[in-house]
Amino acid sequence: MLVGFIGNGAVVETAYLPAISRLSLAGLTLYGFDPDPARRKSEITPCDSLHDLLALPLDVVLIATPSLAHLPVLEAVLKSAVPQIVVEKPVAPTLEQLAVLDSLLADPAVASRVLALDHWMVRTDATRFIKDVSEIERIEGFLQEPSGFNDAGEPVALNFATGEADTRTLRHPDGVIVDIGTHVLAMIRETVHQLGGTDELSLELVHARDRLGRPIKEGDVTTAEGDAALRGTLSGIPITLTLNKYAGPAGGQKGMKIYLHDGRVINVDRRGADEVVEVLNANSSRQHIIDGPLYDRCLKEVVLGKERMFVSDPQGIPAMTRRRIQEVKALLALQQELRGKH
């Protein structure tokens, strides 16, 4: 399989390439293009231009550029013969770009080629313990990232792969609402979808604060949210999202709690590199553990493996992408309400 990477930044270096190395997928050849020569990776054969990359007989392209470039790069790839195109999250970061994307995907021949990816969408193992969506009373989703402190005693984010202090200054739109809210929504929605739920989704903002705990004010189109709380419904089920990039040393909770009408609680969380699904009730508990990092599962099950989604469920590709688009739209609409039209 010939794979083309467009953009060789942090997510490729810290997530994709380590996962591909661990998976040892046979017959995989990697090519790539990034306009910054400093981002060239020894594992990826570099191309001098996007044109040169797309001239190769690629089986799949993965778009991992900065998010504002996703749409223009996708438009260029769609003009090529590449049959399978995977776009990292968010598939497009503005409502204007999402409108253009919607118009492109209105063509079934285009929609069948484009998969909007979020690696949390494979986190559906709670369905092993639930027969039907009607069993669910409510869902609490959460992503509370551990954080450190700078020399001034202020909270600083940590790199998700290395654990080192993230020296970047995060600005809107790279706050928690879109940056990590997409993960939590993808996980919840794919779980509900597999149980027979509808795609109905409504969200409202409870609060949004910067990394120092100060409320984000209307008119502020610069400051990134450090933590936020959202609530709403999905397929008629009440849901909440707790998102925090600065949860301190006690952070690290990344998953959801599904409360069932019969009193059971399904707790999904990460422990180290593993996925842990616990079934809790008044008298007992049991665990199901799925080994390995999420990107390994996502690349094997969805993107690059023998039974990847383009092979095993090609008819599900357009609907999957529509769900990712709807999630980003809902989160961006909250940003408009929070900050004012921008």
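Numbers for the structure displayed
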{"item": "The listed residue being touching a Lys or Arg at 6+ places or on another chain (Cβ under 8 Å), closer than 27 Å to Leu158 by Cβ and among the aromatic types (Phe, Trp, Tyr), out of Tyr246, Tyr259", "result": "Tyr246"}
{"item": "Search result, residues across region 50-105 that are under 20 Å from Gly9 (Cβ atoms), open to solvent by 60 Å² or more (accessible area, probe 1.4 Å) and touching a strand residue (DSSP E or B) at 6+ places or on another chain (Cβ under 9 Å)", "result": "Asp52"}
{"item": "Meets criteria (open to solvent by 30 Å² or more (accessible area, probe 1.4 Å) and in contact with a Ser or Thr (Cβ under 7 Å, 6 or more places away or on another chain)) for Lys131", "result": "no"}
{"item": "Strands (runs of 3 or more DSSP E) completely within region 147-228 that count 2 or more residues being touching a helix residue (DSSP H, G or I) at 6+ places or on another chain (Cβ under 8 Å), open to solvent by 10 Å² or more (accessible area, probe 1.4 Å) and in contact (Cβ under 8 Å) with a residue 12 or more places away in the chain", "result": "201-209"}
{"item": "Criterion: in contact with a Pro (Cβ under 7 Å, 6 or more places away or on another chain), in contact (Cβ under 8 Å) with a residue 60 or more places away in the chain and among the hydrophobic types (A, V, I, L, M, F, W, C) - qualifying residue of Val277, Val328", "result": "Val328"}
{"item": "Of residues in region 320-334 being within 14 Å of Leu117 (Cβ to Cβ) and of a type outside the set (Ser, Thr, Tyr), the one surrounded by the fewest Cβ atoms within 10 Å (Cβ to Cβ)", "result": "Arg322"}
{"item": "Positions within region 294-332 being among the polar types (S, T, N, Q) and closer than 19 Å to Arg189 by Cα, in sequence order", "result": "Gln315, Thr321, Gln326"}
{"item": "Residue in region 8-26 that is touching a strand residue (DSSP E or B) at 6+ places or on another chain (Cβ under 9 Å) and without any contact (Cβ under 8 Å) to a residue 12 or more places away in the chain present", "result": "no"}
{"item": "The one condition in (1) open to solvent by 10 Å² or more (accessible area, probe 1.4 Å); (2) within 24 Å of Pro146 (Cβ to Cβ) that Val277 fails to fulfil", "result": "(1)"}
{"item": "Of all residues in region 106-128 being outside any loop (DSSP other than H, G, I, E, B) and open to solvent by 30 Å² or more (accessible area, probe 1.4 Å), the one that is nearest to Gly196 (Cα to Cα)", "result": "Thr127"}
{"item": "Test set (1) touching a residue at least 40 places away in the same chain (Cβ under 8 Å); (2) open to solvent by less than 20 Å² (accessible area, probe 1.4 Å) - Gly252 fails condition number", "result": "(2)"}
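The values are calculated or read from the model by the stated rules, or taken from the named source; none is laboratory data. Since the structure is predicted, the reported quantities are computational estimates derived from the model, not experimental observations. Cβ coordinates were reconstructed from backbone atoms using ideal geometry, including for glycine residues, and neighbour counts include every protein chain displayed. These area figures cover heavy atoms from the full protein model, side chains too; ligands, DNA and RNA do not enter into them. Shrake-Rupley method; radii C 1.70, N 1.55, O 1.52, S 1.80 Å.
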